[in-house]
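Peer 1: A single structure is presented below for examination.
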Amino acid sequence: REDQRGNWYLGLNGGVNYYDGDYPQTELSYTARINLGYNFDKYLGLSLNAGLAEFKTSTEFNQQFTFADLNMNYTFLPYDNFSPFGYLGLGVAMESGATDYATDGMLPKVQGGFGFEWMVKPKLGLFVSGEYNYFLSDGMDGVKHGKYYDEYFAGTLGIKFYLGKNNQ
């Protein structure tokens, strides 16, 4: 049996966010991402993700953020056309349009997710994923209130283009 995935991939995905912070009446908003990944073997890989996300409520809060994440990925069934996968990692987010990293701040976060990938053909996969992001401070929405830090959930659909040799 041969893994249909190459050891490198480029991915594009988009979807929805649900912000959970200090403001009430959250609304769904968007996220768009680009992914660059490397698979060490047929199961374990590393990915670098960059993107744009909007967080909003119905009345008080509406802000775009750019972000970058570094994740460890695990493919559960690499020889199958349909495989679950999971990932854990660290990242940073910053309010879009901010010009001074020192004063506007880069907000550290941790994230984890789970999804499914369908290999349409060798080296081409479609995927769906759900993700949880937890900020390591309570300042993402500009309000420091309550005992929990800000967080958000994301659901995405995407495509991966695999490059390089297949992992045996």
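The values are calculated or read from the model by the stated rules, or taken from the named source; none is laboratory data. From a predicted model like this one, the values you see are computed outputs, not experimental measurements. Heads up, the Cβs are rebuilt from the backbone with ideal geometry, glycines too, and the neighbour counts pull from every protein chain shown. Heads up: the accessible areas ignore ligands, DNA and RNA and are worked out on the full protein's heavy atoms, side chains in. Shrake-Rupley method; radii C 1.70, N 1.55, O 1.52, S 1.80 Å.
Peer 1: When you look at Tyr18, is it surrounded by fewer than 15 Cβ atoms within 10 Å (Cβ to Cβ) and touching a residue at least 60 places away in the same chain (Cβ under 8 Å), yes or no?
Peer 2: The answer is yes for Tyr18.
Peer 1: A follow-up question, please. Which numbered condition in (1) surrounded by 17 or more Cβ atoms within 10 Å (Cβ to Cβ); (2) touching a residue at least 24 places away in the same chain (Cβ under 8 Å) is the only one that Gly51 fails?
Peer 2: Result: Gly51 passes all but (2).
Peer 1: State all residues of region 15-34 that are assigned to a strand (DSSP E or B) and out of contact with any Phe, Trp or Tyr (no Cβ under 7 Å at 6 or more places or on another chain); if no residue qualifies, say none.
Peer 2: Within region 15-34, Gly15, Glu27, Tyr30, Thr31, Ala32, Arg33, Ile34 qualify.
Peer 1: Taking the criterion of being acidic (Asp, Glu) and without any contact (Cβ under 8 Å) to a residue 40 or more places away in the chain, would at least one residue in region 66-79 satisfy it?
Peer 2: no
Peer 1: Please work out if Thr57 is in contact (Cβ under 8 Å) with a residue 12 or more places away in the chain, farther than 30 Å from His145 by Cβ and open to solvent by less than 50 Å² (accessible area, probe 1.4 Å).
Peer 2: Judged against the criteria, Thr57 is not a match.
Peer 1: For region 150-168, which positions are of a type in the set (Asp, Glu) and in a loop (DSSP other than H, G, I, E, B)?
Peer 2: Correct list: Asp150 only.
Peer 1: Ok, one more. Output the residues belonging to region 106-137 that are over 12 Å from the mean Cα position of the chain (by Cα), crowded, with 18+ Cβ neighbours inside 10 Å and farther than 14 Å from Asn13 by Cα.
Peer 2: If the condition is that a residue be over 12 Å from the mean Cα position of the chain (by Cα), crowded, with 18+ Cβ neighbours inside 10 Å and farther than 14 Å from Asn13 by Cα, then Leu107, Met119, Phe135 are the ones that fit.
Peer 1: Can you name the residue in region 60-94 that is acidic (Asp, Glu) and out of contact with any Phe, Trp or Tyr (no Cβ under 7 Å at 6 or more places or on another chain) and is also surrounded by the fewest Cβ atoms within 10 Å (Cβ to Cβ) among such residues?
Peer 2: Ranking the qualifying residues of region 60-94, first place goes to Asp80.
Peer 1: Among the residues of region 1-15, count how many are more than 21 Å from Leu44 (Cβ to Cβ) and open to solvent by less than 60 Å² (accessible area, probe 1.4 Å).
Peer 2: Of the residues in region 1-15, 2 are more than 21 Å from Leu44 (Cβ to Cβ) and open to solvent by less than 60 Å² (accessible area, probe 1.4 Å).
Peer 1: Name the single residue, out of those in region 21-39 being among the polar types (S, T, N, Q) and over 22 Å from Tyr148 (Cβ atoms), that is surrounded by the most Cβ atoms within 10 Å (Cβ to Cβ).
Peer 2: Ranking the qualifying residues of region 21-39, first place goes to Asn39.
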